[in-house]
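Participant: So that we are looking at the same thing, I have put the structure below in structure tokens.
The values are calculated or read from the model by the stated rules, or taken from the named source; none is laboratory data. Computed from a predicted structure; not experimentally measured. We place every Cβ from the backbone using ideal geometry, glycine too, and count neighbours over all the protein chains shown. Each accessible area value is taken on the protein alone, full model and side chains, heavy atoms only, with ligands, DNA and RNA left out. Shrake-Rupley method; radii C 1.70, N 1.55, O 1.52, S 1.80 Å.
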Amino acid sequence: MKSEKLGSSTSVPEVTNVSQHGFWVLLDEREVFVSFRQFPWFADATIAELSNLERPVSHHLYWPTLDIDLHLDSIESPDSFPLVSGARPDKPLQRTRSARR
């Protein structure tokens with residue numbers, strides 16, 4: 001009986017530094033910077049929330065406490081992914097009227 005081939009190995013991501021502008025995540029042997037300006041969902045997060053980070057597959061990061069998941073391409077090339085959440089922390093979310101009658 002043969003075992004199935006193992007998937008590619010991914011290291012555990014680690015938040016290495018946090019500043020007023022964003023935070024750095026160590027992935028394999030490189031660091032990526034996550035800017036609070038580009039990713040405002042992280043701006044009010046605690047260090048514990050930022051550090052609770054998973055890497056389900058090599059190109060994907062997930063923060064379960066914050067329920068945020070990002071593709072690495074969106075971090076490395078944010079200008080290629082122009083959609084940004086319209087939610088603002090200083091303004092409560094409002095429901096829109098349903099189109100149903």
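Participant: Which of the residues spanning region 53-67 are touching a residue at least 40 places away in the same chain (Cβ under 8 Å) and either buried (at least 16 other Cβ atoms within 10 Å of the Cβ) or touching a Gly at 6+ places or on another chain (Cβ under 8 Å) (or both)?
Facilitator: 53, 55, 61
Participant: Let me ask something additional. Sort out which residues of region 68-82 are outside any helix (DSSP H, G or I) and either open to solvent by 90 Å² or more (accessible area, probe 1.4 Å) or touching a helix residue (DSSP H, G or I) at 6+ places or on another chain (Cβ under 8 Å) (or both), and write them in order of number.
Facilitator: Within region 68-82, 68, 81, 82 meet the criteria.
Participant: Determine the pairs where a residue that is modelled with pLDDT of 95 or more and in a loop (DSSP other than H, G, I, E, B), located within region 33-52, has a partner that is β-branched (Val, Ile, Thr) and surrounded by fewer than 16 Cβ atoms within 10 Å (Cβ to Cβ) with Cβ atoms under 7 Å apart, the partner being 6 or more residues away or on another chain.
Facilitator: From residues that are modelled with pLDDT of 95 or more and in a loop (DSSP other than H, G, I, E, B), the pairs are 52/65.
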